[in-house]
Amino acid sequence: MPISSTATYIKPSKPKTKRSPLLLNALSMLLLALLILMSLSLGVADFSWSGLWQAITQQSQSDDLQLLLVSRLPRTVAIILTGASLSVAGMILQVVLKNRFVDPSMVGATQSAGLGLLLISLYFPASTLLGKMLFATLCAIAGMFVFMRLIKYLPATDILMVPLVGIVFGGIIEAVTTFMAFQTESLQMLSIWRFGDFSSVLAGRYELLYLTGGLAFIAYLLADKLTIVGLGDAIATNLGVNKQSLIWFVILTVAMISSVVVVTVGAIPFVGLVVPNIISRMMGDRLRRSLPAVALLGASMVLLCDIIGRSINYPFEIPIATVFGVFGAAIFLWLLLRKPKPQPPINEGT
Amino acid sequence: MFNLTSNSSTLSPSTAHTSISPFKKTKSLLLTLMVTSALAACSPQGSETEQNSATDTETAAETAQTQNNDNAQASIQANNARVTIDSVRGDVELPANPSPVVVYDMTLLQDLAALGITVDGAPSNLYLDNLKAAVSSDSPDVGTVFEPNLEALSALQPQAILIGSRMAPKFEELNKMAPTADMTLAADQTYEMGKQRLADLGKLFNKSEQAAKLQQEVDDAIAKAKEASAGKGNGLVISVAGNKISAAGEGSRLGFVHRVFGIPAADTTIEDSKHGQPVSFEYLQKVDPDWLFVLDRSAAIGQEGLAAKEVLDNPLLHQTKAWKNNHIVYLSPDAYLAFGGYYQWMTDAKTVTEAMSKAPKVAAD
């Protein structure tokens with residue numbers, strides 16, 4: 001199990017056994033295209049591709065085209081953006097923290113965003129969606145900043161300490177949020193937000209998510225530098241990479257992606273944890289190489305889970321958070337319990 | 001959380017003194033963090049407890065005195081009569097005209113308000129104005145509809161406690177304080193059971209005649225709603241919370257639209273769960289009901305923000321018959337919070353009657 005990225009660096013023989021990214025990405029792309037087609041065809045309202053074709057060829061107004069543009073396409077795009085950006089956020093977080101077991105909901109980002117959302121809804125109920133999102137993002141940044149300070153004091157030898165502290169930290173923030181919600185009788189409102197669900201996505205109600213796509217793309221542009229930061233302080237300094245500013249970039253990116261997702265669709269557990277782990281096992285941690293695969297697989301997995309949630313109780317829905325929770329937990333357990341290759345973690349000291 | 005506090009507070013001094021290795025340091029840091037947060041969370045309650053215990057003896061003495069007085073009065077009035085009323089856990093015997101009486105349910109409070117009875121203890125944060133008449137102005141805060149404040153209860157020493165569905169899980173705890181009647185209404189029998197509850201409350205507070213009169217008003221209003229809605233097409237009941245939509249089936253608490261007012265359900269396959277089945281806007285377009293009955297759940301629980309009206313204003317909804325004919329009826333918050341209560345029936349029956357009496361009949365197909 002490649003516990004830290006440094007392991008791949010130290011053992012140059014490793015990448016040889018990794019699968020070819022080109023083939024993998026092509027397959028991933030094919031899978032995603034298939035899922036997109038399914039997602040577009042699946043829904044409660046009547047929709048037919050032939051009707052759509054007629055509408056396009058005959059330049060006539062049709063319900064099929066409207067349905068596609070208003071409901072099916074927005075939902076599919078929202079899912080792809082959410083899945084891809086959450087996975088990318090998880091991946092860069094794992095590489096920079098040199099820890100395979102963290103994701104945005106384990107560093108306090110998701111929980112802080114939720115707290116921010118509650119605070120602004122209680123004190124400025126009239127604020128716009130953008131205002132809410134900005135405040136939630138600020139809170140997520142603050143939460144992550146506190147977490148980064150906290151883990152500075154952790155012993156570098158214990159790989160599980162960071163996620164454990166993250167879980168405790170997130171738990172404390174969540175407890176404070178729940179306590180406040182309880183006192184103000186907004187527990188039900190809170191549970192509605194916290195539960196990731198794409199059923200209400202329509203044209204005009206998800207566009208903020210494009211921001212997450214942009215952030216994920218910027219992360220890809222900075223991929224090489226982020227990989228170097230993941231190799232440790234000494235190497236980063238030697239190669240002239242400004243570690244501090246890159247870490248800030250990661251904090252900002254992860255905080256913004258998690259808060260935009262929480263504000264628009266709710267929290268989806270495990271995405272940022274499971275997807276990067278799977279890809280990292282196959283392709284290693286060279287971000288330039290692995291980030292596209294992470295984004296593709298993240299989008300496919302979330303899309304698949306949403307399709308399942310839409311179809312097993314048709315015409316009613318099962319929220320994505322439930323479906324992904326079940327699948328994600330199973331995959332994560334499998335990743336944990338698979339026989340790890342003995343590899344001493346190498347630490348650069350923080 | 002409380003266990004954790006006591007554990008960590010006993011541990012933290014020792015770890016704080018010996019924090020040499022980084023691991024120990026982390027541990028103490030974590031512990032301090034936990035303790036501080038735990039303390040912060042508990043402090044308001046803590047101080048309350050102190051205050052209460054300080055005045056406890058005083059209050060107890062006072063209560064004993066008032067109780068004596070009350071008992072004396074009651075014995076003159078009703079010879080300590082006891083009344084048997086219907087409850088979810090079988091018949092319960094309560095003192096007639098109980099005083100002090102604590103009520104933890106909005107449906108019951110509504111009926112009591114209509115009967116002109118004030119209670120001595122009611123939960124805080126009652127969103128509905130129509131039931132506030134039942135709560136005396138100096139009523140102590142005895143908790144919320146979900147969670148009793150046991151200290152306040154014990155200070156009040158009630159003779160009877162009446163609870164509904166939201167407090168039902170705490171029945172045992174409350175029954176130790178005072179005879180408790182669980183007067184929950186089953187979601188699929190809000191009319192029948194609501195009728196029983198109103199009659200029982202009348203019996204309990206010696207106002208049976210007035211209760212019968214109120215029931216007659218309710219029945220009349222419902223009859224009018226039935227008349228107005230006959231032959232006007234089918235309906236779908238949804239609740240809107242935030243930007244999410246759930247469809248409510250016939251057996252849910254919002255299903256009274258079908259069950260009691262007799263409006264045919266546009267979709268009879270909806271399973272009954274507490275908060276309905278999550279649905280998409282495409283579902284609403286496909287089911288295409290003649291009437292859409294909407295509960296704005298966020299507004300009902302006092303949350304500002306995205307109103308149901310804005311959520312429903314979208315191209316898919318615009319295609320439905322209900323939207324085109326302006327047949328969207330907003331149910332009262334009471335339908336969600338105090339389902340089966342007197343004002344709920346009066347309000348919703350009136351809303352439905354007004355909306356549907358103007359509409360032309362729909363040819364049955």
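Pairing each residue of the stretch B:142-163 that is within 14 Å of chain A (Cβ to nearest Cβ) with any residue that is surrounded by fewer than 24 Cβ atoms within 10 Å (Cβ to Cβ) and in a loop (DSSP other than H, G, I, E, B), provided the two are 6+ apart or on different chains, yields C-beta distances under 6 Å for B:G143/B:N149; B:V145/B:R166; B:F146/B:R166. In the set (1) touching a helix residue (DSSP H, G or I) at 6+ places or on another chain (Cβ under 7 Å); (2) assigned to a loop (DSSP other than H, G, I, E, B), the condition left unmet by B:N326 is number (1). Of the helices (runs of 4 or more DSSP H) that lie entirely inside the stretch B:125-228, those containing 1 or more residues that are closer than 17 Å to B:I85 by Cβ span B:171-177, B:190-204. Inspect the stretch A:109-117 for any residue being hydrophobic (A, V, I, L, M, F, W, C), out of contact with any Lys or Arg (no Cβ under 9 Å at 6 or more places or on another chain) and within 14 Å of chain B (Cβ to nearest Cβ) and give the result as yes or no. Yes; the residues of the stretch A:109-117 include at least one that is hydrophobic (A, V, I, L, M, F, W, C), out of contact with any Lys or Arg (no Cβ under 9 Å at 6 or more places or on another chain) and within 14 Å of chain B (Cβ to nearest Cβ). Annotation: of all residues in the stretch A:224-253 being under 17 Å from A:V146 (Cα atoms) and more than 21 Å from the chain's Cα centre (by Cα), the one that is least open to solvent (accessible area, probe 1.4 Å) is A:S245. Residues in the stretch B:179-220 that are surrounded by fewer than 19 Cβ atoms within 10 Å (Cβ to Cβ) and among the hydrophobic types (A, V, I, L, M, F, W, C): B:A186, B:A199, B:A212. Here A:R149 meets each of (1) modelled with pLDDT of 90 or more; (2) under 16 Å from A:A109 (Cα atoms); (3) not β-branched (V, I, T) with one exception, condition (1). Looking only at the stretch A:127-161, which residues are in a helix (DSSP H, G or I), within 11 Å of chain B (Cβ to nearest Cβ) and in contact with a Phe, Trp or Tyr (Cβ under 7 Å, 6 or more places away or on another chain)? The answer is A:L150, and nothing else.
Table: residues versus (1) open to solvent by 30 Å² or more (accessible area, probe 1.4 Å); (2) at pLDDT below 90; (3) under 28 Å from B:M346 (Cβ atoms).
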position: B:D111; (1), (2), (3): no, no, yes
position: B:D141; (1), (2), (3): yes, yes, no
position: B:T144; (1), (2), (3): no, yes, yes
position: B:E147; (1), (2), (3): yes, yes, no
position: B:P169; (1), (2), (3): yes, no, no
position: B:E172; (1), (2), (3): yes, no, no
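A:F327 - would you say it is modelled with pLDDT of 85 or more, under 30 Å from A:A45 (Cβ atoms) and away from chain B (no Cβ under 14 Å)?
Criteria met by A:F327.
Residue by residue, here is whether (1) of a type outside the set (A, V, I, L, M, F, W, C); (2) surrounded by 24 or more Cβ atoms within 10 Å (Cβ to Cβ) holds:
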position	(1), (2)
A:S62	yes, no
A:R75	yes, yes
A:G83	yes, yes
A:V102	no, yes
A:G114	yes, yes
A:T128	yes, no
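Among helices (runs of 4 or more DSSP H) lying entirely in the stretch A:224-321, which contain 3 or more residues that are of a type in the set (V, I, T) and under 30 Å from A:D46 (Cβ atoms)? Result: A:287-311. Of the residues in the stretch A:208-223, at least one is more than 30 Å from B:R297 (Cβ to Cβ) and part of a loop (DSSP other than H, G, I, E, B). Once the stretch B:323-365 is narrowed to residues that are open to solvent by less than 70 Å² (accessible area, probe 1.4 Å) and among the charged types (D, E, K, R), the residue that is farthest from B:H258 (Cα to Cα) is B:D334. Scanning the stretch A:141-150 for residues that are surrounded by 20 or more Cβ atoms within 10 Å (Cβ to Cβ) and aliphatic (A, V, I, L, M) turns up A:I141, A:M144, A:L150.
Is it the case that the stretch B:229-246 has a residue that's assigned to a helix (DSSP H, G or I), within 14 Å of chain A (Cβ to nearest Cβ) and not hydrophobic (A, V, I, L, M, F, W, C)? There is no residue in the stretch B:229-246 that is assigned to a helix (DSSP H, G or I), within 14 Å of chain A (Cβ to nearest Cβ) and not hydrophobic (A, V, I, L, M, F, W, C). Within the stretch A:174-200, the residues that satisfy the criterion of being part of a helix (DSSP H, G or I), at the interface with chain B (Cβ under 8 Å from one of its Cβ atoms) and at pLDDT 85 or above are A:A175, A:V176, A:F179.
Pairing residues of the stretch A:66-80 that are more than 11 Å from chain B (Cβ to nearest Cβ) with residues that are assigned to a helix (DSSP H, G or I) and open to solvent by 20 Å² or more (accessible area, probe 1.4 Å), at Cβ distances under 6 Å and at least 6 apart in sequence or on separate chains, gives A:T76/A:I36. So if I check each of A:L65, A:L86, A:L93, which one is assigned to a helix (DSSP H, G or I) and over 30 Å from A:D233 (Cα atoms)? From the options A:L65, A:L86, A:L93, the qualifying one is A:L65. If you filter the stretch B:280-298 down to residues that are of a type in the set (F, W, Y) and part of a helix (DSSP H, G or I), you find that the one that is farthest from the other protein chains (Cβ to nearest Cβ) is B:F281.
The values are calculated or read from the model by the stated rules, or taken from the named source; none is laboratory data. Note that the structure is a prediction, hence the values are computed from the model and not measured. Cβ sites come from the backbone with ideal geometry, for glycine too, and all protein chains shown count toward neighbours. In case anyone asks, the SASA skips ligands and DNA or RNA and just uses the protein heavy atoms, side chains included. Shrake-Rupley method; radii C 1.70, N 1.55, O 1.52, S 1.80 Å.
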